[in-house]
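Note sheet for the following structure.
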Amino acid sequence: MVRGLILAAVTLVAASASAADLDGVAMPDTRMVNGTQMRLNGMGLRTFSVLGIRIYIAGLYLERRNDNPDAILHSPEMKFLDIRFLRDVDAEDARKAWQESFEQNCKAPCYLDPVDEQRFLAEVPSVHKGDQSTLLFTSKGVHVTLNRRPMGDIPDPHFAELMLTTFIGPVPPTPRLKRELLGFRD
């Protein structure tokens, strides 16, 4: 019995040691995604305005850690983005943020079909404090969930890459978020 309690305590400590934490949000250092072990590349805080309003914590998982955004974006390997919302965001504000990010990160010769963009934006829902959204990027596109429920698949690798670019590309929501997702800490 004592041996079992000691083993349980050691296991709990080991499990705790293998999780990253940012502002009270914990994410495991590794996770299995579709049978592939993914490693936490970095966790970042998304803020809004000079007031530093906390919007979400995101964790970027890769098959192999990498701090080069171009290498990550162009890699055929899976990428997994786990987003935990710290506050409510209505659908209109969320759609506006995505649209602005697409515009800022898709400059010529990049092209985003306006019909595809509008179809995506129309599906962006309101989110609430405590919600979790995930984006699984593959060589075929991106699979989106909200609170573990499938929201849809976008079977367009270019659109999927652009979605990830909005987090780690030339114009991320904040420079801090990009740095942290790439594994750099302030």
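The values are calculated or read from the model by the stated rules, or taken from the named source; none is laboratory data. Values in this document were obtained by computation on a predicted structure and should not be read as measured data. Cβ coordinates were reconstructed from backbone atoms using ideal geometry, including for glycine residues, and neighbour counts include every protein chain displayed. Each accessible area value is taken on the protein alone, full model and side chains, heavy atoms only, with ligands, DNA and RNA left out. Shrake-Rupley method; radii C 1.70, N 1.55, O 1.52, S 1.80 Å.
Do you know which residues across the stretch 153-176 are closer than 19 Å to I57 by Cα and either part of a loop (DSSP other than H, G, I, E, B) or open to solvent by 30 Å² or more (accessible area, probe 1.4 Å) (or both)?
The initial filter retains those residues of the stretch 153-176 that are closer than 19 Å to I57 by Cα, namely 163-169, 171-176.
Listed by number, the residues that qualify are G169, V171, P172, P173, T174, P175, R176.
Kindly evaluate N41 against the criterion of being closer than 18 Å to M151 by Cβ and of a type outside the set (S, T, Y). If you could, list the steps in order and put the result at the bottom.
Details: closer than 18 Å to M151 by Cβ: no; of a type outside the set (S, T, Y): yes.
Criteria not met by N41.
Report yes if P150 is out of contact with any helix residue (DSSP H, G or I) (no Cβ under 6 Å at 6 or more places or on another chain) and open to solvent by less than 80 Å² (accessible area, probe 1.4 Å), otherwise no. Give the steps one after another, and end with the answer.
Details: out of contact with any helix residue (DSSP H, G or I) (no Cβ under 6 Å at 6 or more places or on another chain): yes; open to solvent by less than 80 Å² (accessible area, probe 1.4 Å): no.
Against the criterion (out of contact with any helix residue (DSSP H, G or I) (no Cβ under 6 Å at 6 or more places or on another chain) and open to solvent by less than 80 Å² (accessible area, probe 1.4 Å)), P150 does not qualify.
Among the residues of the stretch 83-139, write down those that are more than 15 Å from the chain's Cα centre (by Cα), among the acidic types (D, E) and within 27 Å of P28 (Cβ to Cβ).
Of everything in the stretch 83-139, just one residue is more than 15 Å from the chain's Cα centre (by Cα), among the acidic types (D, E) and within 27 Å of P28 (Cβ to Cβ), namely D88.
Given the stretch 1-113, what helices (runs of 4 or more DSSP H) lie entirely inside it while holding 3 or more residues that are at pLDDT below 95 and surrounded by 10 or more Cβ atoms within 10 Å (Cβ to Cβ)? First the steps, then the outcome.
Numbers: elements: 2-17, 69-74, 91-105.
Filter on the stretch 1-113 gives 2-17.
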